Amino acid sequence: MKERGDKGEDLVEEYLRTHGYTILERNWRWSRAEADIIAKDGEILVFVEVKTRTYPYFSQPEDFVNERKLLMLNDLANRYMESIGYDWEIRFDLIAVILHEPYGHEIKHLKDAWY
């Protein structure tokens, strides 16, 4: 399972770089929360939650983000901004990855997914 998640994060990091994002952190932790990827989209600080699945039959990957996770991400974002002295625009994105092995993958990017 961790291997699948790591592969999804690798694909998303590559996707973000090709779309002009600057990757700042990967798997940044505070308390019990973790940001999969923290990046800059121009001047906007973006906290990216990556959800990777091998099949979308029962639900979409983005359906696995609950209210508790959102609260933890918000707290984590505040701590990260304090740690780097950042006080400007932020955004929370969700990127869902469906692995169609061995045939490739599908990426769905939801910008400003919360708040």
Any hit, segment 52-70, residues being over 19 Å from Glu3 (Cβ atoms), in contact with a helix residue (DSSP H, G or I) (Cβ under 6 Å, 6 or more places away or on another chain) and part of a strand (DSSP E or B): no
Pair list, Cβ under 8 Å, 6 or more apart: segment 11-34 residue β-branched (Val, Ile, Thr), other residue part of a helix (DSSP H, G or I): Ile23/Glu13; Ile23/Leu16; Ile23/Arg17
Residue among Tyr15, Tyr80 that alone is in contact with a strand residue (DSSP E or B) (Cβ under 6 Å, 6 or more places away or on another chain) and outside any strand (DSSP E or B): Tyr15
Positions within segment 65-81 being surrounded by fewer than 17 Cβ atoms within 10 Å (Cβ to Cβ), under 13 Å from the mean Cα position of the chain (by Cα) and more than 19 Å from Ile44 (Cβ to Cβ), in sequence order: Lys69
Residues being more than 12 Å from Val48 (Cβ to Cβ) and either surrounded by 15 or more Cβ atoms within 10 Å (Cβ to Cβ) or among the small types (Gly, Ala, Ser) (or both) - total across segment 82-113: 6
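Each reported figure results from applying straightforward, stated rules to the coordinates on display, with no laboratory input. Note that the coordinates shown come from a computational prediction; the quantities given were computed from them, not determined experimentally. Cβ coordinates were reconstructed from backbone atoms using ideal geometry, including for glycine residues, and neighbour counts include every protein chain displayed.
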